[in-house]
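Enquirer: Pasting a structure below so you can have a look.
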Amino acid sequence: MRLIQQYTVVLMVALWLTPSLSDAEEQRHLNLIAFQAKQANFSYESIFTGELGELIRSVEQKGAKVVFATHTAALQARDIINLQVDVMRMTKANTLANSGLNCRFMFGDESDEDSYFYSISGVCDRLSASATGTQREQVLVKRKMLSDPSPVFNVWMKFYEDVKSGVAFYVDID
């Protein structure tokens, strides 16, 4: 766990030191969605083209449910997207416990005048409520290069999947 925390700090510092977009350049938005499958060996597609509703219908028909979906504000290089979706409850031992996801995603923009180069990475805490309190597992979401933004169609890329928990994240850039 300490290695993940150290990696996160190094990654955040590296992103912080890279040049940022000027105010004159076009701003970007990320559409993020997370799913969780209930059955073992669920098969998520690597890439999906289409609208958000079509993606949701496609994945739900196979047996997974939406955990969260969000559209970010205008992003700049090195922005951190903080998503927290958890439920707090009382345990049998009369203590509070959480169940859900808490994620910090980092948006990277290394575009130049000729090409777009966007990425996403981060760290998520998977929280499980138990009779004695919250069990926390921290997972590293490795850096994933994103597709070029398209005004014509959406390209949803799977950028993280945990087979054990059935959780998968998809991203589309506008």
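The values are calculated or read from the model by the stated rules, or taken from the named source; none is laboratory data. Given the structure is predicted, the values throughout are model-derived calculations rather than measurements. Please note: Cβ atoms are built from the backbone with ideal geometry, for glycine as well, and neighbour counts cover all protein chains shown.
Enquirer: Looking only at region 87-118, count how many residues are surrounded by fewer than 17 Cβ atoms within 10 Å (Cβ to Cβ) and either modelled with pLDDT of 90 or more or within 23 Å of Ala37 (Cα to Cα) (or both).
Expert: So the count comes out to 5.
Enquirer: Then there is this: Please state which of the following conditions Ser165 fails to meet, knowing it meets all the rest: (1) touching a Lys or Arg at 6+ places or on another chain (Cβ under 7 Å); (2) under 16 Å from Ser46 (Cβ atoms); (3) hydroxyl-bearing (Ser, Thr, Tyr).
Expert: Single failed check for Ser165: (2).
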